[in-house]
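*Asks:* Okay, handing you the structure first.
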Amino acid sequence: MSNPARSDEPKSKKPTNRQLRSCRVCRLRKVKCDRVKPCHACCAHGHPSRCVYDLLPGDEEAQPISQAEEIRNLRNEIKDLRTRISSQGDNKSRSRKLEELEKLFDAIRSAPVEIVDNLVGNIRGDRLRISPGHDGNDTRSSSGSSSSSSASTISIDEDWCGPLSRFVSAKPMVDGCVQRFVDAFSPEVDASSGHAGAIRAAADIRMFSPMISNAFEAVSLTFFGRSVQDPGVEAAGMKLYPKVLRSLQDALLDPERSRSEATLITVTLLLAFESIERTSNEGVTAHVKGAARLIQHRGPENHMYGVEHLLFCELRPYWTGVDIIDRKPSFMAEEAWKTVPWSQATTSKDLLHYLLDLVVEIPGLLWQYDELMAAQETQHLGKGELRVKRTKLWNSVTDLTSRFEQWKKDYVDCYPSGAPQETTEPQGPDPFPVFQCHDLRTMQVIKPPSLIYPDLRLLQSMCIYSSSRLILSTIDDRPEDAVTMVEKYQLACDIARSLECYIRRAPGNMINRLAFAVRVAWEAFPPGDVERHFMIQVFELVEKRHALRLWGSSMPELSARTPGFTP
C-alpha cells in the first residue's frame, strides 16, 4: 500500500528553464553549449562575436563566462598595480600579485581554448578572491565575482599559483610584436581621427581561432622585422605567410567557414601584410578584391555587429576603391549596403560614409563609359543608339557631380570644427618635402601654402572627395559644364597640399587610408615635372617612416587609369 505521507510529496521538481543556459546560436543549431562566452561551438564555426546569451533576470548562476571581459579586468588590475608599485615603492605583496596577474593575463591570451575555459572558470569561481586594495593586506573575502576596479586587487591562492605558471605564454616575443602591429594598424583614436578599432578587436579574439592567430603572428613578425630592420625576424614572418594562405584557401572552399568572421579577419590581415611586404605587383589589390567579394558573399546583414561591422565600416574606402580600379558596377551601390550595416546603430554614419554613398556609383559609370567607347570603336551600334547611351551617361555624370557638390556644401562648408585653412608656417620640427606646382596663368613654378584641417576625419574625407571628382572627370566629356583642366589640376594639388598635415598627425599606419587618393593625384600630374617629384619624395618618406613597401613602389596597382594631366 502507498504511504499517505509520501503521496503528499511532489513527484517531481519544478522544471527549470535550462534552454536559456545555452547561447542563442547553439539553441538554434541544437548543439551542446559549454556556456563560455564566446562558447566553443561558436569559436569552432568562426563566429565568436555572435555568441549571445538570452538570460533570465536575476539568474546569476546562468551568467556566461566572458574571456574578453576578464582580459579587460586583468589589464586594469595590472595597470593599477604597476601604478602603485611605481608611485609608492616596491612591495613584495604587490609585486607578487602583479607577477601572478601577468602570468594569468598571458595564459588567457595565448593558452589553448580548453585551458582558457578552465582559467576563466576559476576566475569566476572561489579560487580568486577580491579584497580591498590596502598596501600589504592579504585579507581575502569570499566574493565569487570577478569584476575589477581601481580600488581592488586580486589575491591568488598559493595552491593554484603552481599550475598557473605552466600556462605562461611560450611566445612572449610574438605577443610583443602583435601588440606593436596592432598599435600601428589599429591605433586608439577618437572619432575626429576616424575609427581604427577593427584590427584591435580582432586581436582580442585571436585565441579562439588558429587561423587568426597564425595570421597575426605572420603579419606582426614581418612588420616588426621591417620596422627594426631585422632580416631574421622579418624572414620568420614571411615563412608563416604560405601556411596562412593555405588555411585561408581551405576556409574559402568551405561553404560555412567562408562566411565566418575568422575568414574575413584573416583576409584583412593579409591585406595589411601585402602593404608591408608587397610580395607581388598585384598582391594588395588581389587581397582587397578577395575581401570585397567575401563581404558581398556574406551579405549586409552579417555586418551589423562586432568585428565584422568594424571591418566593413572602417575599411569601406578600400572596398569602394577596388571597384573603381576594376571599373565595374559595385554591389555596394545597392541600397541595402548603404543602410543595413548601420541599422542597429552599432556605429553611426558621418560625413565620410555619406560621401562614400556617392563614390560607390562611380564604378558603374566607368563601366558605362568603357562600354560606350568599345561600341563606338567596333561600330556594333548605330549612331542613334550611341547617341542615346552617351546622353544617358552625360545625365548620370551631371547628376552625380551635382550631388558631390551638394555634399561639400552640407558637410564641409558647415563643418562644426571649421573649414580647411591655408598656412605657410612649418608644421613640425623635422623637414618635410616642399610641394611645388605651376601657376597656370604664368606657368611659373610656385610654392603654394599647405592645407591644414581641424581634424583628420575631414582631411581624409576631402582627399577622397578630390580623388573621386578627378576620376569622374576622366569620363566627363559633356559639351557643357564639364570639369575644366584647371579644376582637375586644382583637385590634384589639393590632395598634395594636404599630405604634410596627414602624415605628421596620423597615428600609426593610418596613412594607408590615403593611399588610393594619393595615387589618383599622382596620375593627374604630368610625368617628370615638379609635382611628381614631390610625390616621389612623399612615397619614400612614408616607406621609411612606416615600413610600407607599397608606398615605396609608387603604388601602380592602385591605378584608376586616370590619364595624366598636361597643364
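The numbers here are math on the coordinates, done by the rules we state, and not lab data. Owing to the predicted nature of the structure, the values given are computational and were not obtained by experimental measurement. Virtual Cβ from ideal backbone geometry, glycine too; neighbours counted across all protein chains shown.
*Asks:* Computed on alpha carbon atoms, what radius of gyration and Dmax characterise the range 273-332, expressed in Å?
*Replies:* Over the range 273-332's Cα set, Rg and Dmax evaluate to 12.0, 34 Å.
*Asks:* Taking the Cα-to-Cβ direction at SER417 and at THR378 and moving 7 Å from each Cα, how far apart do the two end points lie in nm?
*Replies:* Output for this residue pair reads 5.0 nm.
*Asks:* Considering only DSSP states other than H, G, I, E and B, which GluC sites (Glu not before Pro) in the range 169-238 qualify as loop sites with at most 13 other Cβ atoms within 10 Å?
*Replies:* Passing sites in the range 169-238 are GLU188.
*Asks:* What is the projected area of the convex hull of the Cα atoms of the range 434-488, averaged over all directions, in nm²?
*Replies:* Mean orientational projected area (the range 434-488, Cα hull): 5.2 nm².
*Asks:* While we're on this one: Computed FRET efficiency, Cβ-Cβ of ASP477 and ILE446, R0 35 Å: what is it to the nearest 0.05?
*Replies:* With R0 = 35 Å, the Cβ-Cβ based efficiency is 0.70.
*Asks:* Residue separation times 0.36 nm, minus the C-alpha to C-alpha distance between SER280 and VAL52: what's the value?
*Replies:* Result for the pair: 78.0 nm of gain on full extension.
*Asks:* Quote to one decimal, in nm, the extra length available between VAL340 and TYR354 on full extension: 0.36 nm per residue of separation minus the C-alpha distance between them.
*Replies:* The span from VAL340 to TYR354 would gain 3.6 nm if fully extended.
*Asks:* I'd like the Karplus ³J(HN,Hα) series for the range 398-409: coefficients 6.51, -1.76, 1.60, θ = phi - 60°, whole numbers in Hz, and an x wherever there's a Gly or Pro.
*Replies:* 4, 5, 5, 4, 4, 6, 4, 5, 5, 4, 4, 5
*Asks:* Given 0.36 nm per residue, what is the gain on full extension from LYS289 to ASP326 after removing their alpha carbon distance, in nm?
*Replies:* 12.4 nm is the gain from fully extending LYS289 to ASP326.
*Asks:* If you place +1 on the Cβ of every Lys and Arg, -1 on the Cβ of every Asp and Glu, and leave all else neutral, what size is the dipole of the range 179-314 about its Cα centre, to the nearest 20 Debye? Can you show the working numbers first?
*Replies:* Numbers: 13 positive and 17 negative charges, 71 e Å.
Approximately 340 debye in magnitude.
*Asks:* Assuming R0 = 22 Å, can you tell me the calculated FRET efficiency for the pair TRP367 and ASP399, based on Cβ-Cβ distance, to the nearest 0.05?
*Replies:* 0.85
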